[in-house]
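The values are calculated or read from the model by the stated rules, or taken from the named source; none is laboratory data. Note that the structure is a prediction, hence the values are computed from the model and not measured. Note that each Cβ is placed from the backbone with ideal geometry, even for glycine, and that neighbours are counted across all protein chains shown. For accessibility, only protein heavy atoms count, side chains too; no ligands or nucleic acids. Shrake-Rupley method; radii C 1.70, N 1.55, O 1.52, S 1.80 Å.
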Amino acid sequence: MAAKDEVGRRGEQLAAQFLEKNGYRILDRNWRGVGGELDAVALDGRVLAAVEVKTRSSARFGHPFEAVTPAKLARIGRLLGQWLASNSPNTRPRYVELRIDVVSVLLPPDGIPTIELIKGVSL
């Protein structure tokens, strides 16, 4: 496995743990739809969130949040619609709102990971 893929996988695991410690309930991870993948789908109280995880080993080429473009947000929104359509209303949890959250994970090779969360990212 490429080093880049390892960093991404480690970041997604740390992000999931972070979200759970902060009250989220993970419903799905690495869900694949037409045209992409949702890193996580989670409940935050009664809010259903599509969670995008961006992991970097440093901020040398920009903060991970900077990699979330309007095109990526639009794709995440479409994928969340697909996720909803693929889960019967009888089996999915009740929620009152939909949103997109983004988790940034910095994994310096010789340091402690830094994890940040932005709730409700919009276009």
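Within the bounds of segment 64-75, is there any residue that is buried (at least 16 other Cβ atoms within 10 Å of the Cβ), at pLDDT 95 or above, among the small types (Gly, Ala, Ser) and outside any loop (DSSP other than H, G, I, E, B)? Checked against the condition, which is being buried (at least 16 other Cβ atoms within 10 Å of the Cβ), at pLDDT 95 or above, among the small types (Gly, Ala, Ser) and outside any loop (DSSP other than H, G, I, E, B), segment 64-75 yields no hits at all.
Name the single residue, out of those in segment 6-18 being in contact (Cβ under 8 Å) with a residue 40 or more places away in the chain and not basic (Lys, Arg), that is surrounded by the most Cβ atoms within 10 Å (Cβ to Cβ). Please lay out each step first, then the result.
Filtering segment 6-18 down to residues in contact (Cβ under 8 Å) with a residue 40 or more places away in the chain leaves 7-8, 10-12, 14-15, 18.
Adding the requirement that they be not basic (Lys, Arg) leaves 7-8, 11-12, 14-15, 18.
Details: VAL7: 16, GLY8: 19, GLY11: 24, GLU12: 20, LEU14: 18, ALA15: 28, PHE18: 17.
By that ranking, first place goes to ALA15.
In segment 84-105, the residue that is farthest from ARG46 (Cα to Cα) out of those that are surrounded by 12 or more Cβ atoms within 10 Å (Cβ to Cβ) and at pLDDT below 95 is ASN87.
Can you find a residue that is in contact with a Ser or Thr (Cβ under 8 Å, 6 or more places away or on another chain) and either open to solvent by 40 Å² or more (accessible area, probe 1.4 Å) or in a strand (DSSP E or B) (or both) anywhere in segment 19-26?
Taking every residue of segment 19-26 in turn, none turns out to be in contact with a Ser or Thr (Cβ under 8 Å, 6 or more places away or on another chain) and either open to solvent by 40 Å² or more (accessible area, probe 1.4 Å) or in a strand (DSSP E or B) (or both).
Right, ALA49: crowded, with 19+ Cβ neighbours inside 10 Å, of a type outside the set (Phe, Trp, Tyr) and touching a strand residue (DSSP E or B) at 6+ places or on another chain (Cβ under 6 Å) or not?
On the way: crowded, with 19+ Cβ neighbours inside 10 Å: yes; of a type outside the set (Phe, Trp, Tyr): yes; touching a strand residue (DSSP E or B) at 6+ places or on another chain (Cβ under 6 Å): yes.
Here the answer is yes, as ALA49 does meet what is asked.
Residues to consider are ASN30, ASN22; find the one that is modelled with pLDDT of 95 or more and under 17 Å from GLY120 (Cβ atoms). If you could, list the steps in order and put the result at the bottom.
On the way: ASN30 fails: under 17 Å from GLY120 (Cβ atoms).
The unique qualifying residue is ASN22.
Name every residue in segment 6-32 that is under 11 Å from the mean Cα position of the chain (by Cα) and on the phi > 0 side of the Ramachandran plot, in order of residue number. The answer is ASN30, and nothing else.
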